[in-house]
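To start, the structure itself, in structure tokens.
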Amino acid sequence: MITQEQVIEALKNVIDPDFDKDIVSLGMVQNLQVDGKKVSFTVVLTTPACPMKEMIHKACVNAVIYYVDKEAEVNVTMSSKVTSKRAPKENVLPGVQNIIAVASGKGGVGKSTVASNLAVALAKQGAKVGLLDADIYGPSVPLMFDAVSERPLLEDRDGKTWMIPLEHYGVKILSIGFFLSDSQAVVWRGPMASKALMQLINDAAWGDLDYLFIDLPPGTGDIQLSLASGAKLTGAVIVSTPQNVALSDVRKSIAMFGHKDIRVPVLGIVENMAYFTPAELPNNKYFIFGKDGAKNLAEELHVPFLGQIPLVQSICEAGDAGRPAVLQENTPQATAFNELAGSVAQQVAIANAKKSEKQAELV
């Protein structure tokens, strides 16, 4: 007879590579049941987008068969619960588990495209996701989600009027662009723009979310500082092209998040427009903006490298059509964005775990 104790001991040999600990000590094994040679249990991952999901599933099955009984019938259910180190009753966005800034030092590197596809990719994989367009002067989210003509509803609750974010492709979205005409410019000084951003955060009914991505404008100005001081950020994703002129500003952006008065973890760097592959030559890569610039910078600065997004015409066309490229089926660009989503979710879980360890050391 197989016992639960035998199964538990066997599963202690399955190591989660992100945390370098076994899945039993991490509390990931739940609902263990044994009936003769039938063994079933649930493995609770830190995100539905875990890139190690299949590897961990296979390792669990093999561990029971190898260490317990080669005739065991093993049924593993893969589940997830997104981790968070935000206090349960945060004053700002209390229902949001993780707030992630998507930033760039320079404009024109495709930051909004990356943020939009990243949000949709995680929503596709089962996460509850929101996207806030914090680029007050040049909002892009309405166009990228085919919502230019839509307006958020307003709802009175407990004596306060709340904005209700729109929902497209499973993502809750909000932008100053929803309150402007196509040709209307925002002519505000920094404090006014910062106030508008905080209204989009504090006066919107975001509800319960696993991830809220905030698409920042380029640079290191008022908007970035207001967000860092007004919301408890889980971390920041930095977007860059491979060329030196963009990488120079990436250094400044990373330095800003590491400033002693800000202290926001950099989850990693994304290299957008990394290479071009002609349709007629699918095995050829042309490095139009330089090769591996962001990747090399990530190694130099000792921050995670999250992945490369190719320069593909359909990414631009999909954004203009309001249908993010990650919604495509079996294309290289969709695959790249899905892999990026897994990498970002992975780094969020690692950042939360590191924070837990630091808090434990202080107790």
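Does Ser112 meet the test of being among the polar types (S, T, N, Q), over 21 Å from Asn272 (Cα atoms) and either without any contact (Cβ under 8 Å) to a residue 12 or more places away in the chain or surrounded by 19 or more Cβ atoms within 10 Å (Cβ to Cβ) (or both)? Against the criterion (among the polar types (S, T, N, Q), over 21 Å from Asn272 (Cα atoms) and either without any contact (Cβ under 8 Å) to a residue 12 or more places away in the chain or surrounded by 19 or more Cβ atoms within 10 Å (Cβ to Cβ) (or both)), Ser112 does not qualify. Restricting to the range 252-311, count the residues that are hydrophobic (A, V, I, L, M, F, W, C) and within 30 Å of Gly230 (Cα to Cα). The number of residues fulfilling the criteria is 17. The strands (runs of 3 or more DSSP E) found wholly in the range 143-202 and carrying at least 1 residues that are modelled with pLDDT of 95 or more occupy 160-164, 166-168, 171-175.
Taking into account only those residues within the range 262-272 that are in contact with a strand residue (DSSP E or B) (Cβ under 7 Å, 6 or more places away or on another chain) and outside any strand (DSSP E or B), which is least open to solvent (accessible area, probe 1.4 Å)? Among residues in the range 262-272 that are in contact with a strand residue (DSSP E or B) (Cβ under 7 Å, 6 or more places away or on another chain) and outside any strand (DSSP E or B), the one least open to solvent (accessible area, probe 1.4 Å) is Val264. Here Ser356 passes the criteria (1) at pLDDT below 90; (2) open to solvent by 60 Å² or more (accessible area, probe 1.4 Å); (3) not in a loop (DSSP other than H, G, I, E, B) except the one numbered (2). Screening Leu131, Leu143, Leu153 for residues that are without any contact (Cβ under 8 Å) to a residue 40 or more places away in the chain and within 23 Å of Ala196 (Cβ to Cβ) leaves exactly one candidate, Leu153.
Once the range 10-21 is narrowed to residues that are open to solvent by less than 30 Å² (accessible area, probe 1.4 Å) and at pLDDT 95 or above, the residue that is nearest to the chain's Cα centre (by Cα) is Val14. Can you tell me which residue is nearest to Val312 (Cα to Cα) among those in the range 232-261 that are open to solvent by less than 10 Å² (accessible area, probe 1.4 Å) and assigned to a loop (DSSP other than H, G, I, E, B)? So the residue we want is Thr241. Scanning the range 62-89 for residues that are hydrophobic (A, V, I, L, M, F, W, C), surrounded by fewer than 17 Cβ atoms within 10 Å (Cβ to Cβ) and not in a loop (DSSP other than H, G, I, E, B) yields a count of 2. All conditions in (1) of a type in the set (Lys, Arg); (2) at pLDDT 90 or above; (3) not in a helix (DSSP H, G or I) hold for Lys295, with the sole exception of (3). Only one of the numbered conditions (1) over 28 Å from Met55 (Cα atoms); (2) in contact with a Gly (Cβ under 8 Å, 6 or more places away or on another chain); (3) of a type in the set (Ser, Thr, Tyr) is not met by Ser314, and that is (2). Looking only at residues of the range 205-217 that are open to solvent by 10 Å² or more (accessible area, probe 1.4 Å) and touching a strand residue (DSSP E or B) at 6+ places or on another chain (Cβ under 8 Å), we find that the one that is farthest from Asn91 (Cα to Cα) is Asp210.
Sort out which residues of the range 62-96 are acidic (Asp, Glu) and either modelled with pLDDT of 90 or more or closer than 25 Å to Met52 by Cβ (or both), and write them in order of number. Correct list: Asp69, Glu71, Glu73. Pairs linking a residue in the range 70-98 that is charged (D, E, K, R) to a residue that is assigned to a loop (DSSP other than H, G, I, E, B), with Cβ atoms under 7 Å and 6 or more positions apart or on different chains, are Glu71/Lys37; Glu73/Lys37; Arg86/Gln97; Arg86/Lys232; Glu90/Lys232. Selection of the range 273-284 for residues being out of contact with any strand residue (DSSP E or B) (no Cβ under 6 Å at 6 or more places or on another chain) and either surrounded by 14 or more Cβ atoms within 10 Å (Cβ to Cβ) or more than 22 Å from Leu311 (Cβ to Cβ) (or both) yields Met273, Tyr275, Thr277. Restricting attention to the range 29-50, the residues being in contact with an Asp or Glu (Cβ under 7 Å, 6 or more places away or on another chain) and either among the hydroxyl-bearing types (Ser, Thr, Tyr) or part of a loop (DSSP other than H, G, I, E, B) (or both) number 1. Within the range 23-34, the set of residues being over 18 Å from Lys81 (Cβ atoms) and either buried (at least 16 other Cβ atoms within 10 Å of the Cβ) or modelled with pLDDT under 95 (or both) comprises Val34 only.
Every condition in (1) farther than 30 Å from Val303 by Cα; (2) surrounded by fewer than 20 Cβ atoms within 10 Å (Cβ to Cβ) holds for Ser229 except the one numbered (1).
The values are calculated or read from the model by the stated rules, or taken from the named source; none is laboratory data. Computed from a prediction, not measured in an experiment: that's the story for all the values here. Don't worry about glycine lacking a Cβ; one is built from the backbone with ideal geometry, like all the others, and counts go over all protein chains shown. In case anyone asks, the SASA skips ligands and DNA or RNA and just uses the protein heavy atoms, side chains included. Shrake-Rupley method; radii C 1.70, N 1.55, O 1.52, S 1.80 Å.
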